[in-house]
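Visitor: Please see the structure below; I have some questions.
The values are calculated or read from the model by the stated rules, or taken from the named source; none is laboratory data. This structure is a prediction, so every number in the text was calculated from the model and none was measured. When we count neighbours, we look across all protein chains shown, and the Cβ atoms used for this are built from the backbone with ideal geometry, even at glycine.
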Amino acid sequence: MTITRRGFTKGALSLAAAIASQSAFTKAQEKQQMLSITPFKIDIPEADLTDLKDRLARTRFPQAVTDDWTRGQPHHFIKELADYWQRDYDWRKHESDLNRYPHFMTEIDGQPIHFVHVKSPRADALPLILTHGWPGSFAEYLSLVGPLTDPEAHGLDGAIAFDVVIPSLPGFGFSSPLRSTGWDSARTAKAWDTLMKGLGYERYGAHGGDAGALVVRELGILAPEGLVGAHLLQIFAFPSGQPGEMDKLSPFEMEGMANLANFEKYGGYQAIQSKRPATLAYGLVDSPVGQLAWNAELWFGFEGGGVGHIDRDLYLTTNAIYWFTGTSGSAANVYYEDTQTGAGYRELNNPTPTGVAVFPEDFRSVRAFAERSNNIVHWTEMPRGGHFAASETPDLLIEDIRAFFGTLIGG
């Protein structure tokens, strides 16, 4: 321990007193970072399953003006998903699959936080926190757990291994109820650092996509001691209006401008959740099909691009988590909170070493725009895949996470 001049009053404080003062401060810090963590098991009451099936059977579907994708999710598609959810989808099977992983609950800043925590068999594994977005859940990342924690068992280089922590965002799923306002991406980033330190990790990495990318970028801006790197699926940086900046874009990036234009054309959910999430909540938490259709906007795409390759059981598992916890309304609040503060989108400097994996069917981040306020050290333009990379193209995402953090593990 080093004692500096700030540890003494003018000639009045002895060395022993200074050491005692420093020790008390250290203990206070440790106490602040201690978390009460309890094991958790998902166990939805049978009455809730019965109620869901009853509501699905009694759905009053809207009259379709058109049965295509021009005005929203089409009648035939949502009816097909709802029928499958009611008749064929087996929640108990998926609940059992989810419970194969160790779940825990804690409280941070007054907010219940749920997380999955899987340790690697390797003692030198790097702790890694994975953050989902909206309308996603922790379940998206479970297929990554094996290759990340036990790479040798999956034919990968064992020198790059991770202890994996997968929390549910505040107000999402089992991280509920949302007990206060103000849970923007920056506040969640601070909570994630508290979580990782509370788990005993002095050094860790972070990955996120969608709303999770906003949280992890804010974590990079916070740059807490021990954060070695931030890996993102998106950096939402846009043209500044400077003359000639668009001329520098690569063909891949220019093609991505069409993706952005498509979002501007159809992305009504973001505008509503940024402004009136409380009004929207009444419909989402009372109608499973209303929730099903609303969340399908991003999962399956505005024009149905994901219909052929999105895992419907995973989609319905995530929907079921929202439904059984009654959190579709509270989950929407992160859009409102970030709109109030600018968190996630503000161009504050992110000094943390940052890697970005850009998928072609997603928002295509532009490196030149991202570099204005981020310490970009790794950039990958993927050959395939879309917004939900962890479930659509887990092989590519695993490879990129390992490549990025592999360069930092020894740092």
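Visitor: Report, by residue number, each residue of segment 75-99 that is in contact (Cβ under 8 Å) with a residue 60 or more places away in the chain and either more than 14 Å from Asn319 (Cβ to Cβ) or in a helix (DSSP H, G or I) (or both).
Guide: As a first pass, look at segment 75-99 and keep what is in contact (Cβ under 8 Å) with a residue 60 or more places away in the chain: 77-78, 81-82, 84-85, 89, 91, 94, 98.
Correct list: Phe77, Ile78, Leu81, Ala82, Tyr84, Trp85, Trp91, His94, Leu98.
Visitor: Within segment 234-241, is there a residue that is surrounded by 14 or more Cβ atoms within 10 Å (Cβ to Cβ) and closer than 30 Å to Ala161 by Cβ?
Guide: As a first pass, look at segment 234-241 and keep what is surrounded by 14 or more Cβ atoms within 10 Å (Cβ to Cβ): 234-237.
Within this subset, residues satisfying the condition of being closer than 30 Å to Ala161 by Cβ are 234-235.
Yes: segment 234-241 contains one or more residues that are surrounded by 14 or more Cβ atoms within 10 Å (Cβ to Cβ) and closer than 30 Å to Ala161 by Cβ.
Visitor: Go through the residues of segment 309-324 one by one and say whether even a single one is in contact with a strand residue (DSSP E or B) (Cβ under 7 Å, 6 or more places away or on another chain) and assigned by TED's automatic domain parsing to the domain that holds Asp210.
Guide: Filtering segment 309-324 for residues in contact with a strand residue (DSSP E or B) (Cβ under 7 Å, 6 or more places away or on another chain) gives none.
No, there is no match, as no residue in segment 309-324 is in contact with a strand residue (DSSP E or B) (Cβ under 7 Å, 6 or more places away or on another chain) and assigned by TED's automatic domain parsing to the domain that holds Asp210.
Visitor: Residue under question is Pro277, and the condition is that it be surrounded by fewer than 15 Cβ atoms within 10 Å (Cβ to Cβ), in the same structural domain as Gln340 (by TED's automatic domain parsing) and not small (Gly, Ala, Ser); does it hold? Before you say what the answer is, go through the steps one by one.
Guide: Values: surrounded by fewer than 15 Cβ atoms within 10 Å (Cβ to Cβ): no; in the same structural domain as Gln340 (by TED's automatic domain parsing): yes; not small (Gly, Ala, Ser): yes.
No, not satisfied.
Visitor: Out of everything in segment 100-114 that is in a loop (DSSP other than H, G, I, E, B) and touching a residue at least 12 places away in the same chain (Cβ under 8 Å), what residue ends up being surrounded by the fewest Cβ atoms within 10 Å (Cβ to Cβ)? Don't jump to the end; show me each part of the working.
Guide: Here is the first cut: in segment 100-114, the residues in a loop (DSSP other than H, G, I, E, B) are 100-102, 109-110.
Checking which are touching a residue at least 12 places away in the same chain (Cβ under 8 Å) leaves us with 101-102, 109-110.
On the way: Tyr101: 17, Pro102: 13, Asp109: 15, Gly110: 7.
Selected residue: Gly110.
Visitor: Mind checking which residues of segment 388-411 are in contact (Cβ under 8 Å) with a residue 60 or more places away in the chain, more than 22 Å from Ala237 (Cβ to Cβ) and charged (D, E, K, R)?
Guide: Glu392, Arg402
Visitor: Could we say that Ala370 is in contact with a helix residue (DSSP H, G or I) (Cβ under 7 Å, 6 or more places away or on another chain) and either in the same structural domain as Ala278 (by TED's automatic domain parsing) or of a type outside the set (Asp, Glu) (or both) here?
Guide: Values: in contact with a helix residue (DSSP H, G or I) (Cβ under 7 Å, 6 or more places away or on another chain): no; either in the same structural domain as Ala278 (by TED's automatic domain parsing) or of a type outside the set (Asp, Glu) (or both): yes.
Judged against the criteria, Ala370 is not a match.
Visitor: I've got another one for you. What are the residue pairs meeting all of these: first residue in segment 115-130, first residue outside the structural domain of Asp400 (by TED's automatic domain parsing) and outside any loop (DSSP other than H, G, I, E, B), second residue crowded, with 18+ Cβ neighbours inside 10 Å and among the polar types (S, T, N, Q), Cβ atoms under 8 Å, and 6 or more apart or on different chains?
Guide: Within 8 Å, no pair qualifies.
Visitor: A follow-up question, please. For segment 221-243, check the following and say yes or no: at least one residue is assigned to a helix (DSSP H, G or I), closer than 21 Å to Ile401 by Cβ and modelled with pLDDT of 90 or more.
Guide: Yes, because at least one residue in segment 221-243 is assigned to a helix (DSSP H, G or I), closer than 21 Å to Ile401 by Cβ and modelled with pLDDT of 90 or more.
Visitor: Next question. Quick one: count up the residues across segment 187-237 that are farther than 23 Å from Lys119 by Cα and aromatic (Phe, Trp, Tyr).
Guide: 1
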